[in-house]
Ligand SMILES: C[S@@+](CC[C@H](N)C(=O)[O-])C[C@H]1O[C@@H](n2cnc3c(N)ncnc32)[C@H](O)[C@@H]1O
């Protein structure tokens, strides 16, 4: 019987984490998936439903403004943002994810590139009118999350919006009890995307449609 995709991805993740290479397993997984040897559990073949909800509610009009999609995987969220009229840059640490995004969306208007959230290109700093982060920070061990959160916020330009979608962790669950990946985000972690000039303007918590015991955050921030 084929291995459950979640179990298989945790096994691949554990090998990388044991080697102290917390992002290395993504390339192994996407590369195995591109050869039909694995399934990427989060690859929905469509934009994230909470991103779709936000687009329906907020009706963002890109009109040539710039957007950055963090940890873009195979590109479904980036395509939605590009279709809203944003000049969209979408990046991922996995070269195979980026190749797959390009081949999934051959007529894409988004620019796909390999980059590391923990060491992003200097020219991205404060350069984007919209930054979309879905499930990347929670895919990193808790010890790296504050650095990752800081890098997500650093890319939001003046007057820009940051949208974060993440699985939620109850405040009373201590770090050592979380057997990641993923390592879902507490309310305090969601608050830590703020800065004096980057305010949390909307926070929604809703259950996953496939597993109502999993709660998810949708947080929107605005930079002055
Ligand atoms: C759980 S997946 C989520 C993918 C996508 N955002 C989604 O919601 O379907 C996390 C993504 O982050 C990427 N990633 C992990 N570490 C990264 C890093 N340091 N820099 C950029 N991307 C990273 C992975 O390759 C993977 O595509």
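The values are calculated or read from the model by the stated rules, or taken from the named source; none is laboratory data. Worth saying up front: this structure is predicted, and the values here are computed from it rather than measured. Glycine also receives a Cβ, built like all others from the backbone with ideal geometry; neighbour counts cover every protein chain displayed.
A few notes on this one:
- The one condition in (1) over 18 Å from residue 44 (Cβ atoms); (2) in contact (Cβ under 8 Å) with a residue 24 or more places away in the chain that residue 112 fails to fulfil: (1)
- Residues that are surrounded by fewer than 18 Cβ atoms within 10 Å (Cβ to Cβ) and within 10 Å of the ligand (Cβ to nearest atom) within the range 2-26 comprise just one, 24.
- Residue within the range 49-57 that is assigned to a loop (DSSP other than H, G, I, E, B) and in contact with a helix residue (DSSP H, G or I) (Cβ under 6 Å, 6 or more places away or on another chain) present: no
- Single residue of the range 153-167 satisfying the filter (crowded, with 17+ Cβ neighbours inside 10 Å and more than 15 Å from residue 86 (Cβ to Cβ)) that is nearest to the ligand (Cβ to nearest atom): 165
- Looking only at the range 28-44, and only at residues there that are part of a helix (DSSP H, G or I) and out of contact with any helix residue (DSSP H, G or I) (no Cβ under 6 Å at 6 or more places or on another chain), the one that is farthest from the ligand (Cβ to nearest atom): 32
- Residue tally, condition free of Cβ contacts under 8 Å to residues at least 60 places away in the same chain, in a strand (DSSP E or B) and within 16 Å of the ligand (Cβ to nearest atom), over the range 75-102: 4
- Boolean, residue 72 is surrounded by 14 or more Cβ atoms within 10 Å (Cβ to Cβ), within 9 Å of the ligand (Cβ to nearest atom), in a loop (DSSP other than H, G, I, E, B) and in contact (Cβ under 8 Å) with a residue 40 or more places away in the chain: yes
- Pair list, Cβ < 9 Å and 6+ apart or interchain, from the range 134-152 residues that are farther than 15 Å from residue 21 by Cα and away from the ligand (no atom under 11 Å from the Cβ) to residues that are assigned to a helix (DSSP H, G or I) and at pLDDT 95 or above: 146/189; 149/137; 149/189
- For the range 103-119, taking the residues that are assigned to a loop (DSSP other than H, G, I, E, B) and surrounded by 17 or more Cβ atoms within 10 Å (Cβ to Cβ), the one that is nearest to the ligand (Cβ to nearest atom) is identified as 117.
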